[in-house]
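Here the structure comes first, spelled out in structure tokens, and everything after it is commentary.
Every number in this text was worked out from the coordinates using simple rules, so none of it is lab data. Since the structure is predicted, the reported quantities are computational estimates derived from the model, not experimental observations. Every residue, glycine as well, gets a Cβ built from its backbone with ideal geometry; the counts of neighbours run over all protein chains shown.
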Amino acid sequence: MTIEESDVRLAERLAREAGEILLALQNQGDLSGKELGQAGDARANELLMRELKIARPEDAILCEEEKDSDARLSASRVWIVDPLDGTREYSEGRSDWAVHVALSIGGIATVGAVALPALDLTLTSAGPPKLKALNTPLKMLVSRTRPAAEAVAVAKILGADLLPMGSAGAKAMAVVRGEADVYLHTGGQYEWDNCAPVAVAEAAGLYCARIDGSPMRYNAPDGYLPDLVICHPELEDAVKAAIAAL
Ligand SMILES: Nc1ncnc2c1ncn2[C@@H]1O[C@H](COP(=O)(O)O)[C@@H](OP(=O)(O)O)[C@H]1O
Ligand SMILES: [Mg+2]
């Protein structure tokens, strides 16, 4: 097994296990709303940090729930982790939330696992599903709570129906799974929101880039990665043209 294969297996196991903890906490029923979201963030984070430090003590980590450190800036291998993406949706008992475990190597989203525990699914960069045909009419995913104006405008140009959903991971995996054709976001996101989703989406053959067309790059000093587009490869040119027309 190459190092990257064992990294994918680790990412998949950790994302799945964190997802099981999150589902159990949700099903326990004694917490709700913000309290449930906070407890979920903390419990999933605890498991992921503990296991990563045991399994990969030499690697650096960038995680939504941990204090950031400059140490990662001189590291090539950096685990980029969001223990609970779509905290709001999780706390509302919805199914559109995810656990993200990614490994950036030299700034590239090389390995990724996105668990969708409420759907009993974990997708990875090692074995993503085969691409499906485009939807008719096209479907475009946008944030449920903060849909980007640019996304709404691009949907209009493409003649796509909007599909609001929580969680960057859930949206990216909806494109991977063929439930939708495009996910476009602007206005703010961090590396942990999109690193694992992009690793899986790229492995599945989807087009992934910043909205200016530059590649997704990770382990930047501020960890801020505010915009992205993920789409079916057959839509790459149409999406680029629509963005350029804005
Ligand atoms: N404008 C913004 N600024 C910062 N983070 C944002 C953002 N828009 C979305 N995000 C983050 O991206 C993730 C997906 O958002 P959305 O569901 O709206 O698409 C959420 O992660 P968390 O749930 O981990 O906080 C959310 O916090
Ligand atoms: Mg997130």
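One table, with the values for the structure above:
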| item | result |
| --- | --- |
| Anchor residue 240: aspartates and glutamates whose Cα lies under 20 Å away (excluding residues fewer than 8 positions away in-chain) | 150, 161, 181, 202, 212, 227 |
| Partners for residue 53 among lysines (Cα-Cα distance below 18 Å; same-chain residues under 8 apart left out) | 67 |
| Selection of trypsin sites (Lys or Arg not before Pro), region 64-108, meeting DSSP coil and at most 11 other Cβ within 10 Å | 67 |
| Environment charge at residue 125 (Cβ cut-off 12 Å; Lys +1, Arg +1, Asp -1, Glu -1) | -4 |
| Helical segments meeting 15 Å axial Cα length and Kyte-Doolittle 0.0 threshold in the chain (DSSP H) | 191-203 |
| Theoretical gain in end-to-end length, residue 31 to residue 65 [0.36 nm per residue, Cα-Cα removed] | 10.3 nm |
